1. Would you be able to tell me the number of residues in the range 4-18 that are within 18 Å of LEU170 (Cβ to Cβ) and at pLDDT 90 or above?
2. Scan the range 352-367 and give yes if some residue there is farther than 26 Å from GLY121 by Cβ and surrounded by fewer than 21 Cβ atoms within 10 Å (Cβ to Cβ), otherwise no.
3. Identify, by number, the condition in (1) farther than 27 Å from TRP85 by Cβ; (2) not in a helix (DSSP H, G or I) that GLY161 doesn't meet.
4. Identify, by number, the condition in (1) touching a strand residue (DSSP E or B) at 6+ places or on another chain (Cβ under 8 Å); (2) modelled with pLDDT of 90 or more; (3) open to solvent by 40 Å² or more (accessible area, probe 1.4 Å) that ALA229 doesn't meet.
5. Quickly run through the range 375-394 and pick out the residues that are touching a helix residue (DSSP H, G or I) at 6+ places or on another chain (Cβ under 9 Å), modelled with pLDDT of 95 or more and either over 29 Å from ILE119 (Cβ atoms) or surrounded by fewer than 15 Cβ atoms within 10 Å (Cβ to Cβ) (or both).
6. Hey, among VAL169, VAL142, VAL195, which residue is open to solvent by 30 Å² or more (accessible area, probe 1.4 Å), part of a helix (DSSP H, G or I) and either among the hydrophobic types (A, V, I, L, M, F, W, C) or more than 26 Å from PHE102 (Cα to Cα) (or both)?
7. Which helices (runs of 4 or more DSSP H) does the range 1-120 wholly contain that include 1 or more residues that are under 16 Å from ALA165 (Cβ atoms) and open to solvent by less than 50 Å² (accessible area, probe 1.4 Å)?
8. Does at least one position in the range 206-217 carry a residue that is outside any helix (DSSP H, G or I) and small (Gly, Ala, Ser)?
Amino acid sequence: MILPLGDEPNPRSLPVVTYALMLINCAAYLFVSLPLSFVGPEPGDPVVLEYLGAIEESMARPLSPRGVNAIVQGLRQYDLFVFEWGFRPAAPQALNLLTAMFLHAGFLHLAGNMLFLWIYGDNVEYRLGRMRYLAAYLGTGVAATLFHLILAGSSPLPLLGASGAISGVLGIYFVWFPRNRVRLWVMLFPFFMHVIKAPARWVLGFYVVADNLLPLLLGSRGGGVAYGAHIGGFFGGVLVAWAINQRSLATKSTDFEMSSLPNEPGAVAGSLSSLVEGGDYEAAARVYVGLSSGETRRALTERQSLSLGHWMAARGHPHAALSVFQRQLRDYPIGSGAADAHVAVGLLQLRTFGQPTAAYQHLVEALGLEPSPETETLARQGLAQIAALQKFQLNST
């Protein structure tokens, strides 16, 4: 058995939306699911017949009188409540796309989902901001259910649980925080019982491939697990993070009054490069911010990008500088200046924009690129500062 216990680094903040979502899910279980699970159906309730029909349809064979009697005897009001408010592909309702996210099949189903939301939600909420995080959670939850609808066809059985929305959070985390470490309790009794740390991207990759994609492809029923919803939510989250990254690259800074260059082939790269080489950073900055993300592609060398970005940062234009460094990493991801660019992005995110977990990704990446002694020192200083900002003690890298 492998059980996640936590992740690091973590921002020292209160994830209000994450805790609110956990509270709503737990309240729905305590005040709706649990009480109705001890109450039998009302005599003559017409929903019972509809429910039995759905069970029979899902089994693809008629129910025997003995089978019907066994189902009715075990039936509870919560089964009928879920049948009405869960999402049924055979009878899809728009409202049920939302209500199904807050219903769970039992305590273990709820506990597992809330554990994953508690571990992974805070970093995503801190990076996105509360309202965008809530929109992403609900949006990827809806996407997960719709993906399940495509795979399930006209299934009469209801889908319920927060797994699809939480899988969306995991997808965002997979893109943005790949170098975070997840604490795992691994129990292979009686041979091995220990807490280990593993890279987040490996842990989440295992979740989506081994726990969901392979069972789906192999046709496993998985005890009622909606693998399609998990996969749909996860890739919905990946798409959200990717789209935000692309938008960040495409956003033009408003720090400078824009200047323009002629549109002849090679004019952009040649003129911008010559301005930087000539030391006219003010003019180069005005030109650069007026260009689209595509127009700046390899318009500067790595050395020139670093020089311009550092000039912008030193003159109090951090957004423009961040854009220069990020586009450099897009153009030269493994170039000779990649480590310097990663450190520049990391320190800006840490010290100017207050995003220590996002900064951590870049600083750790820089250390793996054989940086110069000066760059390594800056990276380790940044990591030490991040360690001091954590909720829990963060081991040095």
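1. Summing the residues that are within 18 Å of LEU170 (Cβ to Cβ) and at pLDDT 90 or above in the range 4-18 gives 9.
2. Looking through the range 352-367, at least one residue is farther than 26 Å from GLY121 by Cβ and surrounded by fewer than 21 Cβ atoms within 10 Å (Cβ to Cβ).
3. (1)
4. Every condition holds for ALA229 apart from (3).
5. Result: THR375, GLU376, LEU378, GLN381.
6. Of the residues listed, the single one that is open to solvent by 30 Å² or more (accessible area, probe 1.4 Å), part of a helix (DSSP H, G or I) and either among the hydrophobic types (A, V, I, L, M, F, W, C) or more than 26 Å from PHE102 (Cα to Cα) (or both) is VAL142.
7. Per the criteria, 16-28, 96-99.
8. Looking through the range 206-217, none of the residues is outside any helix (DSSP H, G or I) and small (Gly, Ala, Ser).
The values are calculated or read from the model by the stated rules, or taken from the named source; none is laboratory data. No experiment lies behind these values; they were computed from the predicted model shown. Virtual Cβ from ideal backbone geometry, glycine too; neighbours counted across all protein chains shown. The accessibility values were calculated without ligands, DNA or RNA, using every heavy atom of the protein model including side chains. Shrake-Rupley method; radii C 1.70, N 1.55, O 1.52, S 1.80 Å.
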